[in-house]
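The values are calculated or read from the model by the stated rules, or taken from the named source; none is laboratory data. Note that this is a predicted model, so its numbers are computed, not measured. Ideal geometry is used to build each Cβ from the backbone, glycine not excepted, and the neighbour counts take in all protein chains shown.
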Amino acid sequence: MFDAGPVTPEARGLRLAVRVTPRGGADRVDGLTRGADDQLWVEARVRALPDKGKANQAITKLIAGELGLAKTLVSVLSGTTNRNKILLIEGDPGDLMPIVSTWLEGLT
């Protein structure tokens, strides 16, 4: 199983640390990256502009699709105006962690 990394369980589900590049030419997850603070982030890009929440909508849709979840289960918890975002994946953390861990292992 993937060691924590960019994922943190909480009562409402899982927090996922994502570094997003808006206007990135494609909607895709590029892998994992480590920030200057040693934090591990999922690195992703979206075609949408960072205008009126369009990039935030695109990243939540992208991550939900990657995980095979309904897009309504993924939301931006913090970082709405920043490329570094914390997403909330709603649901039972015990059910979600194996799904997210398997997905993250595929990114390494």
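Data table
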| read-out | value |
| --- | --- |
| Residue among Arg28, Arg45 that is of a type outside the set (Asp, Glu), crowded, with 16+ Cβ neighbours inside 10 Å, within 14 Å of the chain's Cα centre (by Cα) and closer than 23 Å to Gly106 by Cβ | Arg45 |
| Qualifying positions in the range 26-72 - of a type in the set (D, E, K, R), under 15 Å from Leu16 (Cβ atoms) and not in a strand (DSSP E or B) | Lys61, Glu66, Lys71 |
| Unmet criterion (only one of (1) of a type in the set (D, E, K, R); (2) surrounded by 17 or more Cβ atoms within 10 Å (Cβ to Cβ); (3) in a helix (DSSP H, G or I)) for Glu105 | (2) |
| Residue tally, condition touching a Ser or Thr at 6+ places or on another chain (Cβ under 8 Å), surrounded by fewer than 16 Cβ atoms within 10 Å (Cβ to Cβ) and polar (S, T, N, Q), over the range 48-60 | 0 |
| Residue identified as buried (at least 17 other Cβ atoms within 10 Å of the Cβ), assigned to a strand (DSSP E or B), at pLDDT 95 or above and touching a Gly at 6+ places or on another chain (Cβ under 7 Å) among Leu88, Leu96 | Leu88 |
